[in-house]
1. Once the other residues with Cβ under 11 Å from the Cβ of residue 218 are scored (Lys, Arg +1; Asp, Glu -1), what is the net sum?
2. So for the pair residue 193, residue 135, with labels modelled 7 Å out along Cα→Cβ, what separation do we get in nm?
3. Using only Cα atoms, locate the centre of region 82-112 and the centre of region 196-222, then give the distance between them in Å, rounded to an integer.
4. Scan region 48-122 for GluC sites (Glu not before Pro) in coil per DSSP, keeping those whose Cβ has at most 15 other Cβ atoms within 10 Å, and list them by number.
5. If each DSSP helix of 4+ residues adds -39,500 (n - 2.57) and the sum is divided by the residues in the chain, what number results at 222 nm, nearest 500 deg cm²/dmol?
6. Grab the Cα-Cα distance for residue 42 and residue 232, subtract it from 0.36 nm times how many residues apart they are, and report the gain in nm with one decimal.
7. For region 213-268, run through the GluC sites (Glu not before Pro) and keep only the ones in DSSP coil with at most 12 other Cβ atoms within 10 Å of their Cβ.
8. Please determine, in degrees from 0 to 90 and to the nearest 10, the orientation of helix 242-258 with respect to the longest principal axis defined by the Cα atoms of the chain, where the helix direction is its Cα long axis.
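Rule-based calculations on the coordinates, nothing more; no lab input. This is a predicted model, so every value here is computed, not measured. Using ideal geometry, Cβ is built from the backbone for each residue, glycine included, and neighbour counts are taken over all protein chains shown.
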Amino acid sequence: MSKQIKSIRRTTVPQIRARKGGEPIVSLTSYHAHTAAIVDRHADFILVGDSLGMVMHGMESTVGVPMDLMIMHGKAVVRGTRKALVVVDMPFGTYEESPNVAFRNAATIMKETGCGAVKLEGGARMAETIDFLVQRGIPVMAHIGLTPQSSHVMGGFKTQGRDEDSWDAHVADAHAVADAGAFAVVLEGMVEKLASRITREISIPTIGIGASVDCDGQILVLEDMLGLNEWTPKFVRVYSDLGPMIDDAVSRYAADVRGRAFPGEDETYG
């Protein structure tokens, strides 16, 4: 007797968009298939962030991340997932020049990785590009506030909105990307009251990282919340301190090898 197998369908861009003001949206970053498979069981969308340049490849910023690296990691995450929407960051230099260049690169990322959307940084200055992409079938997640690719201009990774005189510019950025057709917007490194105001005012979901609990969803870098990095930003809650656990495991393995206690009888073929 044949069994009817219920297919698992990926979360779609319209489904994320429809979550505005509803159940909070859960997201984490992932850069490889095996962690993506774990996150996939719990997250609504997974971001293949260009933070992988710093987290996985030891870069000092995200500026040096090339597009082929994003595509390679994006493919791995898509292969490791079945349910979550996968969003891939467009790295620095791949979308700022013109809407046409942005479309060509975004189309390449989507075709080669199989992801469901791309993310790019910038507010009002990127509104024309967002509109251009959306009109041509590229779903776009926007990113405003602290934009890491602009860290050199900003003078580092600085919290945005501490000066209330700057709020209007951030609010204008949020309205610009929403009006341009972005289906959601990441608010990074932003004071709580400003992020809360933006969330109330715009029609698309806000995804907070170092922003307000009032945002429509939250995202963290997976390695940060697992305690794998030496330094943890203020906005991160560490849910498991895996760094010392891994160090202990490697230390015990090294001692067993040096003491000829590994491999033992259980790990040896007769």
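1. Once positives and negatives cancel, what remains is -2.
2. 3.9 nm
3. Region 82-112 and region 196-222 have Cα centres separated by 22 Å.
4. Here the GluC sites (Glu not before Pro) that fit, given the DSSP loop and packing criteria, are 60, 97.
5. The per-residue figure over the chain is -11000 deg cm²/dmol.
6. 66.1 nm
7. Passing both the DSSP loop test and the Cβ count: 230.
8. 30 degrees
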